[in-house]
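What follows is one structure encoded as structure tokens, with my remarks underneath.
What follows draws every value from the coordinates through simple rules; no lab data is involved. What you see is a predicted model, and the numbers here were worked out from it, not measured in a lab. Positions of Cβ are backbone-derived with ideal geometry, glycine not excepted, and every protein chain shown enters the neighbour counts.
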Amino acid sequence: VTYTVKRMKEMTTGNYVEASSEENYGVPDSIVTASDVTYPGFVRTTTDLSLKVTADGKAVKYIYYDRNPRSAIYFSTSGSELSPVIGNPGDPVPAVPNPTRTGYTFAGWDLDDDGIADSLPTTMPQEPVTAKALWTPATATYHYAYFIQDPNNPSNYNYVTTTAASGTVGTMTATAPVQPNTGVFRFETYSHESDPTPIAADGSTTINVYYNLATITVNVRPKRNGSILATLTLRYGDTFNPYSINPNTGNKYSDDMLAAMRADDPSGTYYWYGIIPGVGGTATTFQAKTTDPGSKITADNVLEIYGRYTNSTALGPRYRFYYYQNLDGTYDMGGDHTLSRSGMITEIARNAGDGYLESENRHPGFSYDGYRMSIGHFDGTNYDALGWTSWQPYNYDYLITDYNSNLIEHRYKRNTYTVTYVSSGTT
């Protein structure tokens, strides 16, 4: 009986058409094998070529052949992925979408790797080809992160703000903009920043910028508009001890004269009112901190501090000078001057806490010879213009004078001695 073998070829549309048909003979219920036939450009996809012959002679074996693609267009994009186009030479090339890449604009396909845009073929080439995407760098955003030195802990830097900039992808970042001398940057100056780096297309590029504490010039004056006693160059946030500044100007200020300013001067304590930045302000008791009077620092980072007197008569005199008698009977200031204790005037004439007068025990060869008090305040520069009380012996009656005194002077006379000469055991 007969059986039929039909060979089917794939068309470009994906449908199959009959390429050949042949009739053969076989024994009913037997298994036969169809012959293998090849077609150029096609590949047999039916793997089983056997067929059972039926008694009615109507058995048919279909053998399928798909198109054998021998060409392809591959895409190298460095951006979004595109599937290759597969087909036989001469087949139409379907439309190919443009790839995308963050930070870049698509500029065409390069087929021969010369950097010049080429047109994709409209039909499949004879051999596979690779199309390389060309790109034009676009503009991307990058950032500057700013850090300032901590005035309370200069070894640390604190993040304060971020600013944005833009540039062409792949180019180097620009130098960070200098921040204005205001706000958190008021007492900070530019120090350094991260090295320039290529701008990433994804906006991740960040340059760290560091600012250090500014240098402050501190002028210390004994009074407002007075001469400068000392000029200090400090870093903003530094502290300095005003007691360490000795404003000796010929009038014998005490080295404690630059006592710390107080918001309220307690009764019976320092007459010197202390450090004042500009006009008014506060500072610490024993040291001045450049951050405290910050609002009085000039635009040129100069801080003027000076002493001021209080008009309170509840405070005792603040100065104590010592004079010692010369051989000719005159008196000169001797040794270092000392500052009075922080009590009333009665304490000034005593030793440091023992309740007794300065005596020859502390000044060998001298005896206490009395005191006098200024009439009016001594500001460190008006010594010759001061009026004085008369010299008088020590007593416990003066506490607060009516003279608004703040200067007391003590003098010591030379002791006299009787000298006895002894010769040969007789006087």
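Data for the structure
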read-out: Difference of contour (0.36 nm per residue) and Cα-Cα distance, Ser424 to Asn15; value: 131.4 nm
read-out: Largest-first principal axis extents, alpha carbons of segment 71-137, Å; value: 36, 22, 14
read-out: Ala201 long-range amide H proximity, modeled H, under 5 Å; value: none
read-out: Extension gain, Val60 back to Thr161 (0.36 nm per residue minus Cα-Cα distance, nm); value: 28.2 nm
read-out: Sequence-separation-based contact order of segment 71-137, relative, with Cα cut under 8 Å and 6+ spacing, percent; value: 43 percent
read-out: Inverse mean reciprocal Cα-Cα distance (Kirkwood Rh) of segment 140-213, Å; value: 12.8 Å
read-out: Two-site FRET efficiency, Thr123 against Glu23, from Cβ-Cβ distance with R₀ of 35 Å, rounded to 0.05; value: 0.35
read-out: Rough spin-label spacing in nm, given labels placed 7 Å along Cα→Cβ, for Thr233 and Tyr383; value: 3.2 nm
read-out: Kirkwood-Stokes translational diffusion coefficient of segment 2-67, alpha-carbon pairs, 25 °C, 0.890 mPa s, µm²/s; value: 198 µm²/s
